[in-house]
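Below is one structure, written out as structure tokens; comments come after it.
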Amino acid sequence: MTTKANRKYPVGIQSFEKIRKEGYVYIDKTAAIYKMISEGCPCFLSRPRRFGKSLLLSTIEAVFKGRRELFEAFTTDGGIEQPPLFISTTTWKWDKHPVIRFDFSAGDLQTIQQLDTLIDQTLKEYERLYGITPEVSDANIRMVQLLRTAHRQTGRRAVVLVDEYDNFI
């Protein structure tokens, strides 16, 4: 069994699942996440670089994908006890929602054309997932079609997460 003193800090790790499953220390932010998502309004999170925005989005993604097991108490394969997180003690329903995530760190975005290409590739990935054959090239129209199709197929409203939105500025 690993003691708290032996726990690793997740420097540079942006995956909530990896942090929980591999026994890294995680500071529970799920009370703030629960408040934010239960109020049901769009949120814009602006914090300094290297301040945990990507990890926060990864955590929110796990919530909306219904990954309750990551938030409850468990022991990792390495024998590290992970404590329950706040949100696992609430009335959150853990329904699986379609999650559409744009990650603008995934590329060298020096021009508008490169940004458009990354958006196009991300849309294509989700269009394949939902069986959509786009009839137009306009990203705005395709996004609306994607959101409507995901909602129609799952019965749940889609969650859109945008990471590294400032990478190309």
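Odds and ends about this structure:
- Residue-averaged [θ]222 nm for the chain, counting only DSSP H segments that reach four residues, each worth -39500 (n - 2.57): -11500 deg cm²/dmol
- Rel. contact order, % - alpha carbon contacts under 8 angstrom, at least six apart, segment 77-169: 45 percent
- Degrees between helix 139-154 axis and first principal axis of the chain (Cα, 0 to 90, nearest 10): 60 degrees
- Within a Gaussian network of the chain (alpha carbon springs, distance under 10 Å), most fluctuating of G78, G52, G40: G40
- Fraction of accessible area attributable to carbon and sulfur, the chain (%, probe 1.4 Å): 53 percent
- Shape category assigned to segment 79-169 from the gyration tensor of Cα positions, a/c cut at 1.5: oblate
- Just checking the listed ones, Q153, Q14, Q145: in the Gaussian network model of the chain with Cα springs under 10 Å, the one fluctuating most is Q153.
- Contact order relative to length of segment 1-155, as percent, for alpha carbon pairs under 8 angstrom and 6 or more apart: 20 percent
- Within the assembled protein chains, the solvent-accessible surface assigned to E69 is about 90 Å², based on a 1.4 Å probe.
- Surface per residue (accessible, 1.4 Å probe) for segment 12-140, Å²: 59 Å²
- Heavy-atom accessible area ranking, 1.4 Å probe, most first, across I141, I80: I141, I80
The values are calculated or read from the model by the stated rules, or taken from the named source; none is laboratory data. As the structure is a prediction and not an experimental result, all values here were calculated from the model. We work out accessible area using only protein heavy atoms, side chains counted, and drop any ligands, DNA or RNA first. Shrake-Rupley method; radii C 1.70, N 1.55, O 1.52, S 1.80 Å.
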